[in-house]
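Just so you know, all these numbers are worked out from the coordinates, no wet-lab data involved. Owing to the predicted nature of the structure, the values given are computational and were not obtained by experimental measurement. Here Cβ is always computed from backbone atoms with ideal geometry, including for glycine, and neighbour counts include all displayed protein chains.
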Amino acid sequence: MKRIFLLMILPVSLFFALSILVRADDPSTQPSAQTGGAADGPESVISTMRVQEMKGTTFLYVSSKTSLTQLGDHIRKCTAEVDPALKAGLFRPAGPILIIYHGVMQDPTGEYPLEVGFPVADDTKAPDGFEIKKLDKFRCATVLYSGAMQGIRSAFEAVYNDLLNAGLEPTDQSRQSILLYEGPDSINNVAIIEVGVR
């Protein structure tokens, strides 16, 4: 029962978050028309799951507490706080935008911490309104997704199915980064999904 719940609820919530991040209107769970690439070939591609240990990094971020029903609003709020500081040159990213979810499956009806920010150099000073911390190494099950943002739910479903089938147990932390973004409907977008595992 627990495994079914993980597969049904968490992938939906993370899909919704990433869709909200890149477009202002309500996300669709249906694949969009193919754009931003060649006419031939699949609209989306999901890599084989791998278990990796991501290196530690210094993380500059804004944080909030949210629930599944308020997730989209909080993603918009956090990215709206980060964007002006980035454009003003108040910090220099050392990697792509990173969203970290904590404890979402412990109580899906309650609130849980959400962090949105960027990896930065170790000597970075946090601008007003930001927090900074050191992220430890992160053992996780990962997949790469390439395609329109509306189809990313399939990547979350794939990584959860694969890690559970491999006998792995997910932790209470999940992460996602957008590595390449050309627009919500572009089939060239690339994202990495990371689910902590024991």
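Assorted remarks:
- Pairs from the table (LYS77/LYS137; LYS87/LYS137; LYS77/LYS134) lying more than 26 angstrom apart at Cα are LYS77/LYS137; LYS87/LYS137.
- FRET efficiency, 1/(1 + (r/R0)^6) with R0 41 Å, evaluated for GLU169 and GLU81 via beta carbons: 0.75
- The packing ranking of peptides 120-131, 183-194, 139-150, highest mean first, is 139-150, 183-194, 120-131, where packing means the average number of other beta carbon atoms within 10 angstrom of each residue.
- Contour minus Cα-Cα distance for ARG198 and SER47 (0.36 nm per residue): 52.2 nm
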